[in-house]
Amino acid sequence: RAWRGIACNFTMDSKHSSIRTPASHVSKYSATQSSASSNYLSLMSESVNVRSGTRPQSCSKWISTFTEYYYKDCSEIFDDATRHYAQDRLRDKGRSSRKDLTSAKPNEREEFFAALTLLVERKTSELERTSILVFLCELVAIEEVTNHSVPFGMQALRTFVGLVLSFTNIKAVLLRVFRRKMAEVVCQMSHQYLIKIIPLLHDIIGHPKYGEQCVQIFAEYNPKKTRGPKKDFAMNLVEAYHRVRSTTQTQGDAHAKRRQEVYSFMARCAENSKIAASFWNMLEEKRSSNKPGGGILAKILTENVHDLKNEMTTRATEIELRANIARNVYDPSKKDKYPAAVDFRFYMNNMVKALDKHASDEKATKPHQIIYQAALTSCIAAVMMRTEKSQVAKSASGRVPKPRNPFITMFIRLAKRTSNGKLVAACLDFLFNVIVKTEGLEKHREVLETQVSLPATIQQIVKNLMTEMRKKRNNTTPAEQKALVLALDIMRFYNEMSSSESSDDKFINYATNLTVKFNVAEIKGYDREEIVFRILEAPMDGTFSGPVRHAAARCLGSVPLHQFSPAEIRTVVTILSRMSSTISENSYAVLTHIVYLMVRLGDREDDDEHKEKVGTTFRTIYAAEVVSTIFELLSHCSSSEVSPIDVQFIDEDQRNCIMACVKFLQLAWKRTELRDGMETEANRSTFVRAMQVEQSMLRYLDKKQFKNHKHVLLEQTWLGCNVESLMQVLESLKDLDIVAFRIYNQMANVLESRNLHSGKVPASSGENGESELVSLHAELAEVTGKGFDVWNTSRCGTELQDTKTLESQPLVSGRHSKKVSAVVPEDTNEMHNAMGTLMTTYLKQ
């Protein structure tokens, strides 16, 4: 198995010549490659020959052979079985040999799936896990009609879902399985069978880590040619929609629940723009009239609903489906860029009246009523936001209501009176993403910022949510988590707005006043900092998810510095120290924002205007402790060198965290207090280790990865002004690559006593008062391709363009060399840097 992994990497090298594998690695394995290949192929041929013609079909045969797969490479047999069952399924469902499985007794079925589950759990190879799960997906396609209480295919899907949800690092395997088999199986099954398995599929596509990508795979699936009609995922769902909708509503709770499951599943899928557009096109073909809003999608928004549990809950799921269609159907070629939202706006008044009726009734707090209110709120928000962006001419009959005081107060009243996450999230989403952030509606923000008590409202909402979530612990709902994230994002927005450089002084003054009120606990124990600290200090018991902790860290990192008290600074430093000692996968994004806050505190220029001397307090009391914690964090991130496989799964959050650590350590050039305790033997060892890991990563990057790579520029920190430390790093490096060049270049700068750091650091305080490091927030923007790049604004004097020219060159291996060297560009000799000649000589060696 190990040889196969190595062989796979060499295969990649042959296809992508830019992947730089050192000659030492090639020579290391070339001697044994021939013998390993012959041994492995002979073993596999013998294994295949033994299995040939004896493929297990019945449950009893499968169970009897499972134990031998525990200790052998079993991907071949399961790939073979998958192809066999797929051919049977496509050829003739009636005479499929899968009957040998479906006719098994219930106890044999349970034993079969239990053995299959144990097999997947015991395997560590992603290739083997993928093969077994693909085989399990093929079994999901068995549309059995028997007397069994649970059909065989549904039992297979239940096993599949259980396995997927039980593994923490299953994402890569799961997406591979969905592309290879699950999308095909789901798109080819009958809509009657699809209706039955929708609840199980919903568990996967609703997952916060990989659900969205699974839906995207369904959307991109292109059906192969079959004997029957060509169907895609959206078409199959629309058929299921018509089937459950056409049946009468008098068939009891079971049928109502099935309709709710189908509508809810479609609503989740409609968050994908391609699927939402397919729903819109197929359902709007059957218009009841040619007038706007005449389709069956819009018609449901005007129908009266009785205050009955099943009827109101079903209507809520239907409205939620329309809300996502309105939000995600986008056609830039048309005048009405969001055609669904423009169509639905003709029924906006009906929705507002229905919601206002519920908001005015203090007793309308039953679960089904709250779900209905949440769906209406979501649909109103989607239609308002997208209609505004479409910029259509609004006729009298299709006019969207102006978001003035009574209208906005309705949503605040709904959010404050309940702890139901779904309704609170819908209301906060409306207030934040429609009123606050939608371009064209900013003028109505004044209602929120001056006419209602927004800080007290947010504090009351957060108190209700956190009280309810603590009761549930690890059973909190995604809607509750989303509502808490929105509340934190609202506070963060005004934190950043108060320190922005906007030309509109009125809104900056509003934002500044709000941040002061957020900092005061109008609801005892729930001011802004206390809310954030409660979340970040809470145990990892599932009460607060990763996105909630990330939102809390973003909010904390944007707080105006003069609003911190000494006790709060102590708490932040303690949180950083505790999280750095027990790092998990979800911690890096949180730590990144906290370390950036340390940068802001360390670079703070105190003035007489504010009583609290935040910068001086931090540098005097906590500088040495934070420096030690930063190096501990860097040590954890550099615990092991990178393999060719690891390069394919680089953790961007971890890289961003390392960049933040480098940013903080660079402050020592300007702030002498941060230098104490930096040049210790332990920190030098971390420096050496980090550069070794950096070099091992660069060794296997391809051209695209290399271009977007975020370099760990530890040599640009105060630790890099010590020649002894630089020599220690240089002696430990294995390759003549960019890392070695940077260390050699920095050593030349130090020895020549020139081109050293000027003391300026990126995003430092401006001359005209505190800038609150606005550019730092821009660097943190979560946009693909952007990130923290200290090359642009903070170097040790090396000419940026010259260094970039060298860094952009590919690395190649010499035919007779065991090391990797950089290709020297022709214009290197014209470099303006004082040590250009020395560097050129070094690179040519």
Next item on the list: Provide I217, I371 ordered by accessible surface of protein heavy atoms (probe 1.4 Å), highest first.
Entry: I371, I217
Next item on the list: Assuming a ≥ b ≥ c are the square roots of the Cα gyration tensor eigenvalues, decide whether region 668-712 counts as rounded (a/c under 1.5), prolate (otherwise, with a/b larger than b/c) or oblate.
Entry: oblate
Next item on the list: Go ahead and run the numbers for FRET between E625 and E724, Cβ-Cβ distance against an R0 of 35 Å, rounding to 0.05.
Entry: 0.90
Check: So what is the accessible area of region 455-611 per residue, in Å², with the probe set to 1.4 Å?
Finding: 39
Next item on the list: Consider all pairwise Cα distances in region 314-380 and report the whole-number % of them above 14 Å.
Entry: 60
Check: Which percent of the accessible area of region 488-549 is formed by carbon and sulfur heavy atoms (probe 1.4 angstrom)?
Finding: 52
Item checked: Entries in K123/K704; K171/K422; K274/K422; K171/K196; K613/K710 that, when Cα-Cα distance is taken, lie over 29 Å -> K123/K704; K613/K710
Next item on the list: Order Y338, Y69, most accessible first, counting only protein heavy atoms with a 1.4 angstrom probe.
Entry: Y338, Y69
Next item on the list: Using a 1.4 Å probe over the heavy atoms of the protein chains, calculate the carbon and sulfur portion of the accessible area of region 431-475 as a whole percent.
Entry: 38
Next item on the list: Please go through the residue pairs K299/K353; K231/K257; K363/K482; K416/K443; K337/K389 and name each one whose alpha carbons sit more than 18 Å apart in this structure.
Entry: K231/K257; K363/K482; K416/K443
Notebook entry, point to check: Using a 1.4 Å probe, how large is the accessible area of D307, given in Å² and rounded to the nearest 10?
Noted result: 90
Next item on the list: Using a 1.4 angstrom probe, figure out how much accessible area region 623-749 has per residue, in square angstrom, rounded to the nearest whole.
Entry: 35
Next item on the list: Determine the distance separating the Cα centre of region 172-186 from the Cα centre of region 709-746; give it in Å without decimals.
Entry: 44
Check: Label points 7 Å out from Cα along the Cβ direction at L175 and S190: separation in nm?
Finding: 3.5
Notebook entry, point to check: Tell me, what is the 1.4 Å probe accessible area of K105, in Å² to the nearest 10?
Noted result: 130
Next item on the list: Pull out a ≥ b ≥ c, the square roots of the eigenvalues of the alpha-carbon gyration tensor of region 510-647, then state rounded if a/c is under 1.5, prolate if not and a/b is larger than b/c, and oblate in the remaining case.
Entry: oblate
Notebook entry, point to check: Ignoring ligands, DNA and RNA, what percent of the 1.4 Å accessible area of region 650-704 is carbon and sulfur?
Noted result: 44
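The values are calculated or read from the model by the stated rules, or taken from the named source; none is laboratory data. Keep in mind that what you see is a predicted model, and the values were worked out from it rather than measured. A quick note on method: Cβ atoms are made from the backbone with ideal geometry, for glycine too, and the neighbour counts reach across all protein chains shown. Side chains are part of the model used for accessible areas, which takes the heavy atoms of the whole protein and leaves out ligands, DNA and RNA. Shrake-Rupley method; radii C 1.70, N 1.55, O 1.52, S 1.80 Å.
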